[in-house]
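Participant: Just passing along the structure, written as structure tokens.
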């Protein structure tokens, strides 16, 4: 029952990305009241990386923000620290060892989790409805080029911020996914990755999709090829959207059991679980079609 959305603006100028993705999510709110989240690709930060850190689930968030701020004061080339509700955000210089920095942050406090790292990617998610996400983080004010959204109905794992989507592929900047469905060989894949030392942060089967795609991209595959390989290596019924710094794409499973529709115009591409999500956020005259069995599409900037 989860709802997923993706939006890709073709204009060179930043679009009202947050407003559009949030509008699409609101139309799908009935599909998932447990949590809502967005992965938005905004303007680059002059070579720096933006990091978002989950501080916790509600206990002394201000104290945890101060703890992280003190740590970063001793770190070199970290700046622009801020915190809002459950998240802290800061910039790190592009030549930093990001894996080491992320590990050091997460070792400070058991509740800390680096939720996203990217030149342009920032993930914001929260338990509750898309409206709650907007009230807390003003998502509609964020401008950018493309992004993903997810509204969740939990069926297999607990409801908290970490289990919410979108998922970032830990360790691979500017890669995010949203997923609706089930990966039936999830436990087998998880054991294989864990034997290689890869950490899992949740019990959500969608997390393995982000890990899988990051591995494929590290091996030199393009996003289109990586999504095609999913059809052979990840069993189950699913629709999945993925985005990198310069691309947005989707894959639909071999059984076509999970709905996914799309439209492409001269100005934008929009993909969603239901047509109402596209129509309600993007007025105009255009056709919407159902994604086909095993279909893979990728749009580059």
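Participant: Given the rule -39500 (n - 2.57) for each run of at least 4 DSSP H residues, summed and divided by the residues of the chain, what is its mean residue ellipticity at 222 nm, to the nearest 500 deg cm²/dmol?
Facilitator: Theoretical 222 nm ellipticity from helices: -8500 deg cm²/dmol.
Participant: Among 193-206, 171-184, what's the highest-first ranking by average C-beta atoms within 10 angstrom per residue? Don't jump to the answer; show the numbers that get you there.
Facilitator: Working: 193-206: 14.6, 171-184: 23.0.
In descending order of packing, they fall as 171-184, 193-206.
Participant: Give the angle, between 0 and 90 degrees and rounded to the nearest 10, that separates the Cα long axis of helix 207-218 from the longest principal axis of the Cα atoms of the chain.
Facilitator: Approximately 90 degrees, to the nearest ten.
Participant: Peptides 207-215, 142-150: what's the order by average Cβ count within 10 Å, highest mean first?
Facilitator: Taking the mean over residues of other Cβ atoms within 10 Å, the ranking is 142-150, 207-215.
Participant: Can you give the angle from 0 to 90° between the axis of helix 186-195 and the longest principal axis of the chain, with both taken from C-alpha atoms, to the nearest 10?
Facilitator: It is inclined by approximately 30 degrees.
Participant: Exposure proxy check: 230, 24 ranked by fewest other beta carbons within 10 Å? Each step should come with its number before you reach the end.
Facilitator: Numbers: 230 19, 24 31.
The order, fewest Cβ neighbours first, is 230, 24.
Participant: On to the next question. Which shape class, rounded, prolate or oblate, goes with the range 1-104 when its Cα gyration tensor gives a ≥ b ≥ c as root eigenvalues, a/c under 1.5 marks rounded, and past that a/b bigger than b/c marks prolate?
Facilitator: Note, shape of the range 1-104 comes out oblate.
Participant: Which angle from 0 to 90°, rounded to the nearest 10, does the C-alpha axis of helix 223-233 make with the longest principal axis of the chain?
Facilitator: Long axis of 223-233 versus the principal axis of the chain: about 80 degrees.
Participant: Relative contact order for the range 1-150: what is it in percent, counting Cα pairs under 8 Å that are at least 6 residues apart?
Facilitator: In percent, rounded to a whole number, it is 47.
Participant: Write down Rg/Rh for the chain, rounded to two decimals, with Rg from the C-alpha atoms and Rh from the Kirkwood relation over Cα pairs.
Facilitator: Rounded to two decimals, Rg/Rh equals 0.94.
Participant: How large are Rg and Dmax for the range 166-235 when only the alpha carbon atoms are used, in Å?
Facilitator: 11.2, 28
Participant: Sort 55-64, 240-249 by the packing proxy (mean of other Cβ within 10 Å over each peptide's residues), most packed first.
Facilitator: Highest to lowest by the protection proxy: 240-249, 55-64.
Participant: Please work out the ratio of the alpha-carbon Rg of the range 44-119 to 2.2 N^0.38 Å and round it to two decimals.
Facilitator: Taking the Cα Rg and dividing by 2.2 N^0.38 Å, one obtains 1.00.
Read the figures in this text as sums done on the coordinates, not as results from a lab. Treat the numbers as computed from the prediction; the structure is a model and nothing was measured. Cβ coordinates were reconstructed from backbone atoms using ideal geometry, including for glycine residues, and neighbour counts include every protein chain displayed.
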